[in-house]
Amino acid sequence: MKKLGVNFDHIATIRQARKTFEPDPVTAIGIVELAGADSIVMHLREDRRHTQDRDLELARKIIKTKLNLEMAPTQEMIKTALDIKPDTVTLVPERREELTTEGGLEVALNMESFKKYIRLFHDADITVSLFIDPDLDQIKAAHRVGADIVEISTARYSESKSIKESETNIQQIINAVITAEKLKLGVAAGHGLTYINIEPVTRIDAITEYNIGHSIIARAVFTGIAEAVREMKNKINARP
Ligand code: PXP
């Protein structure tokens, strides 16, 4: 059975837009796990624009499935990860000015650094996933530095502007997955996957895990909005 990791950043983004207490991503953990999520993905960014340290600390205590912490490999984040001890760390590149993670890691040109990070996490019994573009050199480098999993970025595929472009991009993902599988790496995929574009990606058997956020939270707004309106209307009309 393929696994689904639900990315919680988007719940925190709504909260941070108002700097208030709701929606609290921590409250969603039990609901999301009951619905079948196999892991909760949280990205603690350097600028704390969505997930906060407190979310991560509480999440670690509550999560019954697995916590997958996405993070840039900076000194501060490595220290946080070693304190929090997520089940998996997914290393991602991070730039302050980006709206979301753009592109995968440059592993091939930074092998010594990645070897060092991965050794630190392995010593703490933390599984390491590297978020990379569907690029064969990066996959081979991920294997050489000792990664357990590669999360293949589906960003380019999800941004395809035509069927032809989409087919080319899916073929690149397939080639990357074949290489990763041969090297006995675990294979995950994520970024920009939606209810509309996911089907061709689900046909790639060796991808065993999908990490999805924006589309699920966007859908939840619509599947939940009617009930939310009804509840508020009832409140307005309830006499004490
Ligand atoms: N995987 C990684 C490594 C990501 O950085 C993100 C975005 O935070 C996702 C998966 C989820 O992407 P989306 O929100 O587009 O589903």
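We did not get these values from a lab; they are worked out from the coordinates using the rules stated. Please read these numbers as outputs of a predicted model, since none were measured by experiment. Backbone-built Cβ (ideal geometry, glycine too); neighbour counts: all protein chains shown.
Details
- For residue 44, the residues whose modelled amide H falls within less than 5 Å of its own, excluding neighbours fewer than 5 places apart on the same chain, are 70.
- 16 Å Cα-Cα reach of residue 64 towards lysines, excluding residues that sit fewer than 8 places from it in its own chain: 3, 85
- Rounded to whole Hz, the Karplus (6.51, -1.76, 1.60) HN-Hα couplings of the stretch 217-222, x for glycine and proline: 5, 4, 5, 4, 4, 7
- If R0 equals 22 Å, the separation of the Cβ atoms of residue 61 and residue 219 corresponds to a calculated FRET efficiency of about 0.20.
- In the chain, inverting the average of 1/r over every pair of distinct C-alpha atoms gives 18.7 Å as the Kirkwood radius.
- Here the ratio of the Cα radius of gyration of the stretch 104-174 to 2.2 N^0.38 Å is 1.26.
- Beyond 14 Å, the tail of the calculated P(r) for the stretch 134-213 holds 57 percent of the Cα pairs.
- Once the convex hull of all Cα atoms in the stretch 1-90 is built, its volume per residue stands at 88 Å³.
- Net charge dipole size for the chain [Lys, Arg +1 and Asp, Glu -1 on Cβ; Debye, nearest 20]: 680
- For the stretch 68-84, 3J(HN,Hα) per residue [Karplus equation, 6.51 cos²θ - 1.76 cosθ + 1.60, θ = phi - 60°, Hz, x = Gly/Pro]: 10, 9, 8, 7, 7, x, 9, 3, 4, 5, 5, 5, 4, 4, 5, 6, 6
- 3J(HN,Hα) from dihedral phi, the stretch 48-62, Karplus parametrisation 6.51/-1.76/1.60, rounded to Hz, x for glycine, proline: 6, 6, 10, 5, 10, 4, 5, 4, 5, 4, 5, 4, 4, 6, 9
- The local environment of residue 137, defined by Cβ-Cβ distances under 14 Å, has a net charge of -1 under the rule Lys, Arg +1 and Asp, Glu -1.
- Under 5 Å between amide hydrogens, built in the peptide plane, is the criterion, and for residue 209 it picks out 3, 189 among residues at least 5 positions away or on other chains.
- Using alpha-carbon coordinates, inclination of helix 25-34 to the longest axis of the chain, degrees: 80
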